[in-house]
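Structure record follows, encoded as C-alpha cells.
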Amino acid sequence: MEKRQVVIIGSGPAGYTAGVYAARAQLAPLQYAGYKAGGQLMWTTDVENFPGFPAGKAGPELMSAMREQAQRFGTTIVDEFVSAVDFSARPFKVWTNVPDGIDPESHNFKSEEEFAAYFQAVMQAEPAALADSIIITTGAVSIMTNVPGEQKLFGKGVSTCAVCDAAFYRDKDTIVMGGGDSAMEDTLALTKFAKSVTVVHRRGEFRASKVMQERVLANEKVSVRWHTTLKEILGEDRVTGVIMSTTNPDTGEVMEESVPIDGVFVAIGHRPVSQLFKQALTVDPHGYIVTRQSLSKLGIAAAEEALTDAELVASPTMTSVEGVFAAGDVVDIRYKQAITAAGQGCQAALDAERWLEARG
C-alpha cells in the first residue's frame, strides 16, 4: 500500500494538468488514469480551439503529450480504475480491486442498492493507496436515448463515437442524434465516409457553435430533421432502420415514420462520472460534484462558507470534504471545454499544494 501527498483520480486535460502542477510542486502525485485513459478527447479528431496549435491537434495526440509531460515532471500514472474510496478520515483510502462478476464501470450500476453492495465487496480488500489529498478528474460519459433497440444494438450499428466508427459506414446511410458541438463533429466525421448523414434534433435550431453549424449545413451529404426524436431503433443483429417522430411546431401535429438506416450515432450530451463519490461528497441534482466555484446555489453556499478574512474564497476547487478537490467535466456544468478543464486541473493542484502547506 502506497501513501502519497496527492492522488489524482481520472485523466483527461484536467487530470494530466493537475499531474503536471502537482509534480512540479514536488508532491510526487500518483494518478489513476482509468481503463479509458485520456477522457473524451481520445475520441476527438481535431481540437482546433486549444491555444498553441494554430493548425489544430488530434485529440489522442494532445492527451498523449499531456500525459508525457505529467510523467516527465514526476507523476506516477497507473492505468487502473478506482473502484472505491473512503473520505471519512485522513489519510484518505483508495481501492482499485474489482470483485469477480461485478462491472467495474461504477457509473453503470442500475440501483443504489447494487452500488452499495459493490462498495462493500471492494472494501473487503486492503486499499491500493492512502492519500493526504485527492484530486478528482473523472470527467463525463455519453448520455443515451434509452429508446427500444438502442441497448440491444449498441456496437451493432448504434455508436456514441463517429470518430471511432465512421470508417465502418462507407457508402451507408446514417443518423446523428443531437444539436451541440459533439453532434456536429460526429456529423462531419461521418461525411468523410457515409453516403448520407441525417441530423435528428428535437429543437428548431442547433446549440452548437456557429462555426460548427456552418460547416455541417454547408455539406451536401447532410440533411436535418428539426423537431424530431427517435422512437425506436430497428434491427435484429444489425441496425436496419429507425422510427422517427416529428412534431409540426405550428400545428402540434405529430407524424411518425419508419426510415431505413444503417447506423445511429448518439450525441445528445454527457453526464458526470460521479457515482463513486455520491455517498462521500455533495453533488448537485444532475450528479456534478459541487465545489466552492460551482455555478449553482450549492456552489455559492459552499463559497460563502469558505470566505477568508480578506473576503476571498479559500480553495475554490475544494469539495464538501476538506482535502478533496475536483476539476473538469465532473464539476463543469457550463463550459465543458478542454482548455477550461485544463485550467481547473491547474487550480485543483495549486489548491491542494497550498492546503497541504497550511497543514504542515
*Which residue out of Thr282, Thr291, Thr340, Thr319 is in contact with a Leu (Cβ under 6 Å, 6 or more places away or on another chain) and modelled with pLDDT of 90 or more?*
Thr319
*Residues in segment 2-59 that are on the phi > 0 side of the Ramachandran plot and not in a strand (DSSP E or B): how many?*
8
*Tell me which residues, restricted to segment 38-53, are crowded, with 16+ Cβ neighbours inside 10 Å and not aliphatic (A, V, I, L, M).*
Gly38, Gly39, Gln40, Trp43, Thr44, Thr45, Asp46, Phe50
_Name the residue that is farthest from the chain's Cα centre (by Cα), counting only residues in segment 323-357 that are surrounded by 14 or more Cβ atoms within 10 Å (Cβ to Cβ) and in a loop (DSSP other than H, G, I, E, B)._
Gly323
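Residue-by-condition table, conditions (1) of a type in the set (D, E, K, R); (2) touching a helix residue (DSSP H, G or I) at 6+ places or on another chain (Cβ under 9 Å); (3) outside the structural domain of Val7 (by TED's automatic domain parsing):
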position	(1), (2), (3)
Phe115	no, yes, no
Tyr118	no, yes, no
Ala121	no, no, no
Glu126	yes, no, no
Ala129	no, no, no
Ile134	no, yes, no
Thr137	no, yes, no
Gly149	no, no, yes
*Of all helices (runs of 4 or more DSSP H) completely enclosed by segment 159-228, which ones contain at least 3 residues that are at pLDDT 95 or above?*
181-191, 210-217
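Conditions (1) within 23 Å of Glu357 (Cβ to Cβ); (2) buried (at least 20 other Cβ atoms within 10 Å of the Cβ), marked per residue:
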site: Arg24; (1), (2): yes, no
site: Pro29; (1), (2): yes, yes
site: Ala55; (1), (2): no, no
site: Met66; (1), (2): no, yes
site: Phe73; (1), (2): yes, no
site: Asp86; (1), (2): no, no
site: Ala89; (1), (2): yes, no
site: Phe92; (1), (2): yes, yes
site: Thr96; (1), (2): no, no
_Whichever residue in segment 145-158 is among the hydrophobic types (A, V, I, L, M, F, W, C) and assigned to a loop (DSSP other than H, G, I, E, B) and, among such residues, is farthest from Leu230 (Cα to Cα)_ = Leu153
_Within segment 208-251, take every residue that is within 18 Å of Met184 (Cβ to Cβ) and polar (S, T, N, Q) and give me the one that is surrounded by the most Cβ atoms within 10 Å (Cβ to Cβ)._
Thr228
*Members of segment 100-132 found to be modelled with pLDDT of 75 or more and not in a helix (DSSP H, G or I), listed by number*: Ser111, Met123, Gln124, Ala125, Glu126, Pro127, Ala128, Ala129, Leu130, Ala131, Asp132
*Please state which one of Val47, Val82, Val78 is touching a residue at least 40 places away in the same chain (Cβ under 8 Å), under 27 Å from Thr187 (Cβ atoms) and in the same structural domain as Gln31 (by TED's automatic domain parsing).*
Val47
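The values are calculated or read from the model by the stated rules, or taken from the named source; none is laboratory data. Just so we're clear, the structure is a prediction, and the values are computed from it rather than from any experiment. When we count neighbours, we look across all protein chains shown, and the Cβ atoms used for this are built from the backbone with ideal geometry, even at glycine.
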